[in-house]
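Chemist: This is the structure I have questions about; it appears just below.
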Amino acid sequence: MLHNSCYRLDRVSVSQSAAQTFCRGKNGRLALVSSLDEMTVLRTHMYSQGIYTDRAWIDGSDEASEGVWRTGTGEVMPYTGFKPPEEPNGGRAENCIGLVSHGAFDITCDYNIWTPYAYCEY
Ligand SMILES: [Ca+2]
Ligand SMILES: [Ca+2]
């Protein structure tokens, strides 16, 4: 969603599933990016905050079935916004979506020093 949502970028330094729990604990959810416009808003915001290479968790995983990207509630995602042409490139080793100021990447789902942020949507 775009027009009726607001987003918040928090430095949480946790796995994707823990980031989802963090957002739900604040009565939100991990941001579901469902259009190019929405992707552009979030990427531009990261860039404006001086976050160029660090990543932020957003919703989306292909853990259950490789190549089929689903939301945290199990729905197949109509849009993923992966950075062309190289992403997604991790196969079974990379099953969660991390957003960088220049695009979305498939990355490992665990906490990683390159993924300190979570984007919650409210
Ligand atoms: Ca994968
Ligand atoms: Ca990747």
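The values are calculated or read from the model by the stated rules, or taken from the named source; none is laboratory data. Just so we're clear, the structure is a prediction, and the values are computed from it rather than from any experiment. All Cβ positions, even for glycine, are placed from backbone atoms using ideal geometry, and neighbour counts span all protein chains on display.
Chemist: Limited to the range 62-114, what total is found for residues that are acidic (D, E) and more than 10 Å from ligand 1 (Cβ to nearest atom)? Quick ask: steps written out before the conclusion?
Modeler: The first filter runs over the range 62-114 and keeps only residues acidic (D, E), leaving 62-63, 66, 75, 86-87, 94, 106, 110.
Okay, now just the ones that are also more than 10 Å from ligand 1 (Cβ to nearest atom), so 75, 86-87, 110.
Number of matching residues: 4.
Chemist: Another question, then. Name the single residue, out of those in the range 90-109 being among the polar types (S, T, N, Q) and farther than 10 Å from G67 by Cα, that is surrounded by the fewest Cβ atoms within 10 Å (Cβ to Cβ). Steps first, please.
Modeler: Restricting attention to the range 90-109, the residues satisfying the condition of being among the polar types (S, T, N, Q) are 95, 101, 108.
Of the ones still in play, those that are also farther than 10 Å from G67 by Cα are 101, 108.
Working: S101: 19, T108: 16.
It comes out as T108.
Chemist: What's the total number of residues in the range 81-94 that are in a loop (DSSP other than H, G, I, E, B) and either over 24 Å from R8 (Cα atoms) or touching a residue at least 40 places away in the same chain (Cβ under 8 Å) (or both)?
Modeler: Our first condition is that a residue be in a loop (DSSP other than H, G, I, E, B); within the range 81-94, this holds for 81, 83-90, 94.
Next, only the ones that are either over 24 Å from R8 (Cα atoms) or touching a residue at least 40 places away in the same chain (Cβ under 8 Å) (or both) stay: 81, 84-90, 94.
Residues meeting the conditions: 9.
Chemist: Look through the range 24-54, keep the residues that are surrounded by 13 or more Cβ atoms within 10 Å (Cβ to Cβ) and acidic (D, E), and return whichever of them is modelled with the highest pLDDT.
Modeler: Only one residue fits best here, namely D54.
Chemist: Looking only at the range 25-80, how many residues end up being farther than 14 Å from Y7 by Cβ, of a type in the set (A, V, I, L, M, F, W, C) and not in a strand (DSSP E or B)?
Modeler: So the count comes out to 5.
Chemist: With respect to Y117, determine if the residue is out of contact with any Leu (no Cβ under 7 Å at 6 or more places or on another chain) and either at pLDDT 95 or above or surrounded by fewer than 20 Cβ atoms within 10 Å (Cβ to Cβ) (or both). Let's see the steps before the verdict.
Modeler: On the way: out of contact with any Leu (no Cβ under 7 Å at 6 or more places or on another chain): no; either at pLDDT 95 or above or surrounded by fewer than 20 Cβ atoms within 10 Å (Cβ to Cβ) (or both): yes.
Here the answer is no, as Y117 does not meet what is asked.
Chemist: Starting from the range 2-21, take each residue that is without any contact (Cβ under 8 Å) to a residue 40 or more places away in the chain and list its partners that are hydroxyl-bearing (S, T, Y) and crowded, with 16+ Cβ neighbours inside 10 Å, counting only C-beta distances under 9 angstrom and pairs at least six apart or across chains.
Modeler: Taking only residues 6 or more apart or on different chains, the pairs are L2/S34.
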